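In what follows, a single structure is set out as structure tokens and then discussed.
Computed from the coordinates by the stated procedures, all read-outs in this text should not be read as laboratory data. In this text, all values refer to a predicted model and were calculated from it rather than measured experimentally. Ideal geometry is used to build each Cβ from the backbone, glycine not excepted, and the neighbour counts take in all protein chains shown.
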Amino acid sequence: MDKIDPKLYGLTARTVLLKDDHDNFVLSIDRKSRIIMKDSTAILEKADKIRKTVPRATITLETTAPVCSKSTKFLSDN
């Protein structure tokens, strides 16, 4: 996985975005506080921005923070 410039996909510079040789992207979030629904909607917006540039992209979330159950269901459904 290589770290790539998130600005190429219309994301903020603070976003950590990784990509392999294929169209597999990883949004990496390194923090201690829990990921809640408000965060998951922002994550989904980031994924949509990537998909506008690369329509067949596979996007995965990688985080060190705990994720609330509603957010887990919301992200997996979308």
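Side notes on the structure shown:
- Computed from phi, the 3J(HN,Hα) profile of the stretch 48-55 under the Karplus parametrisation 6.51, -1.76, 1.60 (θ = phi - 60°) reads 5, 5, 5, 5, 5, 7, 10, x Hz, with x in place of Gly and Pro.
- When Rg and Dmax of the Cα atoms in Å is calculated for this entry, the matching label among (1) 11.4, 36; (2) 12.1, 32; (3) 15.0, 43 is (2).
- Excluding same-chain neighbours fewer than eight residues apart, the lysines reachable from LYS49 by a Cα-Cα span under 21 Å are LYS3, LYS7, LYS19, LYS38, LYS73.
- Were the residues from LYS3 through ARG34 laid out at 0.36 nm apart, the gain over their Cα-Cα distance would be 8.8 nm.
- Exposed-loop-free span, longest in the chain, where trypsin sites (Lys or Arg not before Pro) count as exposed if DSSP calls them loop and at most 14 other C-beta atoms lie within 10 Å: 57-78
- Relative contact order (%) - the chain, alpha-carbon pairs under 8 angstrom, separation at least six: 33 percent
- With the helix formula -39500 (n - 2.57) applied to DSSP H stretches of n ≥ 4, the chain reaches a computed 222 nm mean residue ellipticity of -10500 deg cm²/dmol.
- Unit charges at the beta carbon, dipole of the chain: most positive-side option, ILE36, ALA57, LEU75: ILE36
- Segment PHE74..HIS22, full-extension length gain: 16.2 nm, with 0.36 nm per residue of separation and the alpha-carbon distance subtracted.
- Within a Gaussian network of the chain (alpha carbon springs, distance under 10 Å), most fluctuating of ILE36, ILE59, ILE50: ILE36
- In order along the stretch 62-72, the phi-based Karplus estimate (6.51 cos²θ - 1.76 cosθ + 1.60, θ = phi - 60°) of 3J(HN,Hα) comes to 10, 9, 9, 8, x, 10, 5, 5, 5, 5, 4 Hz; Gly and Pro are listed as x.
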